[in-house]
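The block underneath contains the structure these notes are about, expressed in structure tokens.
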Amino acid sequence: MTSVPAAAPPAIVATALTKSYGPSVALAGVDFRVTPGESVAIMGASGSGKTTLLHCLAGIITPDSGSVSLATATGPLEITTLDEAGRSRLRREAFGFVFQQGLLLPELTAIENVALPLMLTGTDRRAAEQTAAMWLAALGLAGYETRRIGQLSGGQAQRVAIARAQTTGAAVVFADEPTGALDSQTSAEVMDALIRSTTDRGRSLVVVTHDETVAARCLRVLRLADGRIVDEVSAR
Amino acid sequence: MTTLRLAWLFGRRSVSARSTVILPVVAFAVVTALLLIVAGGAQAFFSWTDDIAGLYQVLAVIALSLLVVPLVALGGSAARLSARRRDDRLASLRLLGATPALVTALTVIESTVLALVGAITGALVALLVSPLVALIPFRGEPLGMSILLSPLWVAVAVAGIGALAAVSAVVGLRGVTLSPLGVRTRQQAPRVHWVRVLITVGVVALVAVAMTALRAVADVGIVMVVLAVGFGGSIAVLNLIGPWVLRLVASGQARRARTARRLLAARAVLESPKAAWRQVSGVAMTSFMAVFAGVGVALMDAAGDSGDPQSRLLVADIRTGVLITIIASFLMVACSAGVNQAAAILDRRDLYVSLDRIGMPVAEMNAARSRAILSPLRVTAIGSAVTAAVVVLPLTGMSLLLSPLTLVTVAACLAAGVLLVWAALRATRPVLTRVLAEPSPSL
């Protein structure tokens, strides 16, 4: 585990988040913060609200009440007040995502998958693929650039997904069960890659997981139950 | 009995997924309505008994046969969509221990019911518009109500559409069962063999030579046979070479793509050139025919001025018939493209949700989807028109082929077709919006 400066200003601060789906309460007043270079694991049983929290923090959904503030070069940005296009742009430019099954495009090659988020920000394909190649190499996938996703193992595909989450220089990377579909050995390798490419480079990492060994790799572990944080353990 | 009860429960609950129910029903309604209208027209032709009736009947059979390919393609697409949208529930049923036979039976029942609802709607539409169709003039007077098919033939058509849906549902379900693994384990994009090119060039050259020789043949019967074989042979080889050409063009586009939408569209075509071809192959045929029609119209326009009244009527009638066939064909291709796209969105909903999560604007996704259809459509329309021109050239000469009237007819046909398909693609946007608004719980 890496240590972070205690006084680092938070990358994301969320306060009093609530979210309900009909009669079902997913979040019942959650406070959250993550600083640059910090990793936070969010744990809890199914239905405890952990994925809803991650979605609120990442601007995928808007909470019913509460605020989510992102530190930017021009000052704090309130995510909850942005419209869909604004949140989409934020996800494209400021955040990176790693999903359980990778959710890579099978018809694209590894390098095209990794370059895609950069191309979406308007970067020329050649420049985007140069950056993508650099990230693939950094994650031990040099020589795999032109492979299609079907030609990669589960662990390799997940490292491609991690590389994809890094290309835009995202300040915060969100990972939803990033090792859920992998065996323990591959899972450890993928977490190594994820930590190495995020917190080791001063980026924030927010991981939703069921896996205690994955959570143990993070600096802080939050446990949710019934939409509330019921436990918080810091490694520091 | 249990199967029927389950099918009823599934059908009732699926009301929420409106667009995925409406699309196949509309598609089947269009198929049935067009089929009945064209068949009704043909029936009217067959009620004539004079000397020239035979020629009209041959033309009617040609028009009907031209509509068979897009009709089967559309019926198949609609059935596959209604089968695929059940994917999740069917998978759950399988987990709960339902036998493959029960799962297949449920799919077939649901798809057939949707098809029958569409077919009956289509039959009603055909009946409603029949007074208008009856006004279409042939041989100088309106067709009249002799276009109305007997209830028995309408019932046969509706049952036939239902049977087509049932068969396609079985095939479509097999696709659903295989597709997740198929995508995950697929290592190389499928390749299309270049031998197809050699065969195509050979056949087109042969047909062109036959057409040249035709100028010296006086027997009308031989001319008709050679024309029919040449026409059919050219269309058959278009189907052979189509996927190969689409793959070649898409390879170049994938290499040159500078933007995400262009790259995604080109890769989508490369993933399955045959599937891309299937979506637009109806246009190949129509586009091919548009050239024949264009030349025919120009030829008859020139001959019509000096011809006798009966010849002038024949010219006008062929023009009307060609126009109706082209419109019907494009309508079916457009419906087919829309239905296929809706199925594709549902098949890959997790992927679209993930693209939305990483910040890909919905407009960009829609642009990539449209491009993946419209680019092959352009290639197909132009390629088929050029092939037709090569075949027709020896028969008519360059001046007629390049006459303004020919070019305008061909261009208008192609533009109308592309516009229709574009409109059908736009109609599938709500499906994507809905998928993004209601992602599966695992996402």
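Answer with yes or no whether B:ALA260 is more than 17 Å from the chain's Cα centre (by Cα), at pLDDT 90 or above and more than 10 Å from every other protein chain (Cβ to nearest Cβ). It would help to see each step written out before you state the result.
Numbers: more than 17 Å from the chain's Cα centre (by Cα): yes; at pLDDT 90 or above: yes; more than 10 Å from every other protein chain (Cβ to nearest Cβ): no.
Considered against the rule, which asks whether it is more than 17 Å from the chain's Cα centre (by Cα), at pLDDT 90 or above and more than 10 Å from every other protein chain (Cβ to nearest Cβ), B:ALA260 comes out as no.
Please work out which one of (1) free of Cβ contacts under 8 Å to residues at least 40 places away in the same chain; (2) outside any helix (DSSP H, G or I); (3) within 14 Å of chain B (Cβ to nearest Cβ) is the condition A:HIS55 fails and give its number.
If we test A:HIS55 against (1) free of Cβ contacts under 8 Å to residues at least 40 places away in the same chain; (2) outside any helix (DSSP H, G or I); (3) within 14 Å of chain B (Cβ to nearest Cβ), just (2) comes out false.
Can you tell me which residue in region A:181-200 is most open to solvent (accessible area, probe 1.4 Å), limited to those that are touching a helix residue (DSSP H, G or I) at 6+ places or on another chain (Cβ under 9 Å) and either part of a strand (DSSP E or B) or in contact (Cβ under 8 Å) with a residue 60 or more places away in the chain (or both)?
The residue in question is A:ALA181.
Results for (1) closer than 19 Å to A:VAL230 by Cα; (2) over 16 Å from the mean Cα position of the chain (by Cα); (3) exposed (fewer than 15 other Cβ atoms within 10 Å of the Cβ), shown as yes or no for each residue.
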| site | (1), (2), (3) |
| --- | --- |
| A:LYS19 | yes, yes, no |
| A:VAL34 | yes, no, no |
| A:GLY49 | yes, yes, no |
| A:LEU53 | yes, no, no |
| A:PRO63 | no, yes, no |
| A:SER67 | no, yes, no |
| A:ALA73 | no, yes, yes |
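Please specify each residue of region A:203-220 satisfying the condition of being in a strand (DSSP E or B) and touching a helix residue (DSSP H, G or I) at 6+ places or on another chain (Cβ under 6 Å).
Step one: list which residues in region A:203-220 are in a strand (DSSP E or B), which gives A:204-208, A:220.
Hits for region A:203-220 are A:LEU205, A:VAL208.
Which of the residues spanning region B:270-290 are open to solvent by 10 Å² or more (accessible area, probe 1.4 Å) and among the hydrophobic types (A, V, I, L, M, F, W, C)?
B:LEU270, B:ALA275, B:ALA276, B:TRP277, B:MET285, B:MET289
Rundown of residues vs (1) touching a residue at least 40 places away in the same chain (Cβ under 8 Å); (2) within 27 Å of B:ARG429 (Cα to Cα); (3) more than 25 Å from the chain's Cα centre (by Cα); (4) away from chain A (no Cβ under 14 Å), yes/no style:
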{"position": "B:ILE318", "(1), (2), (3), (4)": "yes, no, no, yes"}
{"position": "B:ILE324", "(1), (2), (3), (4)": "yes, no, no, yes"}
{"position": "B:SER329", "(1), (2), (3), (4)": "yes, yes, no, yes"}
{"position": "B:ALA334", "(1), (2), (3), (4)": "yes, yes, no, yes"}
{"position": "B:ALA342", "(1), (2), (3), (4)": "yes, yes, no, yes"}
{"position": "B:ASP347", "(1), (2), (3), (4)": "yes, yes, no, no"}
{"position": "B:SER354", "(1), (2), (3), (4)": "yes, yes, yes, no"}
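Check region B:249-257 and report whether any residue there is modelled with pLDDT of 90 or more, open to solvent by less than 40 Å² (accessible area, probe 1.4 Å) and within 25 Å of the chain's Cα centre (by Cα).
Yes, region B:249-257 contains a residue that is modelled with pLDDT of 90 or more, open to solvent by less than 40 Å² (accessible area, probe 1.4 Å) and within 25 Å of the chain's Cα centre (by Cα).
Report yes if some residue within region B:162-174 is more than 14 Å from every other protein chain (Cβ to nearest Cβ), at pLDDT 85 or above and open to solvent by less than 50 Å² (accessible area, probe 1.4 Å); otherwise report no.
Yes: one or more hits.
For the subset of region B:370-381 comprising residues that are in contact (Cβ under 8 Å) with a residue 60 or more places away in the chain and out of contact with any Leu (no Cβ under 7 Å at 6 or more places or on another chain), which member is most open to solvent (accessible area, probe 1.4 Å)?
B:ARG371
Conditions tested, residue by residue: (1) part of a helix (DSSP H, G or I); (2) more than 26 Å from B:ARG369 (Cα to Cα); (3) of a type in the set (Gly, Ala, Ser); (4) within 13 Å of another protein chain (Cβ to nearest Cβ).
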| site | (1), (2), (3), (4) |
| --- | --- |
| A:GLY66 | no, yes, yes, no |
| A:PRO76 | no, yes, no, no |
| A:ARG87 | yes, no, no, yes |
| A:ARG92 | yes, no, no, yes |
| A:PHE97 | no, no, no, yes |
| A:GLU107 | no, no, no, yes |
| A:ALA115 | yes, no, yes, yes |
| A:ALA127 | yes, no, yes, yes |
| A:ALA137 | yes, yes, yes, no |
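The values are calculated or read from the model by the stated rules, or taken from the named source; none is laboratory data. Please read these numbers as outputs of a predicted model, since none were measured by experiment. Virtual Cβ from ideal backbone geometry, glycine too; neighbours counted across all protein chains shown. SASA here: full protein model, heavy atoms, side chains in, ligands and nucleic acids out. Shrake-Rupley method; radii C 1.70, N 1.55, O 1.52, S 1.80 Å.
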